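Please treat every number below as a calculation from the coordinates, not as lab data. Since this is a predicted model, take the numbers as computed values, not measurements. When we count neighbours, we look across all protein chains shown, and the Cβ atoms used for this are built from the backbone with ideal geometry, even at glycine.
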């Protein structure tokens, strides 16, 4: 037996193929063995090409869907020419404002007025205590 046949036996042993396949493979001539190996490689390459095509098709489909969604968003926002200069954050903010604008604005105004009042009181109290003020005692 040649060196190649011994190596192929080792490979077949290591992958634990079934006995019938191993017997048939080992009974082949060297050329047939190489043709079988090349056939397996060709099959694997074909599977890889098919997979790459599917990946490309799905990527193209995703890009089309994102473009369609972007066009729908552009139309729902009014589709002005200045829309191209908006950042992503501004676009998201515009969509949220379009959906929940009045509700959010109402609570933000309340929050801002309460927050400024609370911060003013806390600041005055801190300054009072820093410059020697004392807590009133009953």
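For a distance above 19 Å, tell me the whole-number percent of Cα pairs in segment 81-138 that qualify. For segment 81-138, the fraction of Cα-Cα distances above 19 Å is 60 percent. Highest average first, the peptides 117-124, 29-36 ordered by how many other beta carbon atoms sit within 10 Å of their residues are 29-36, 117-124.
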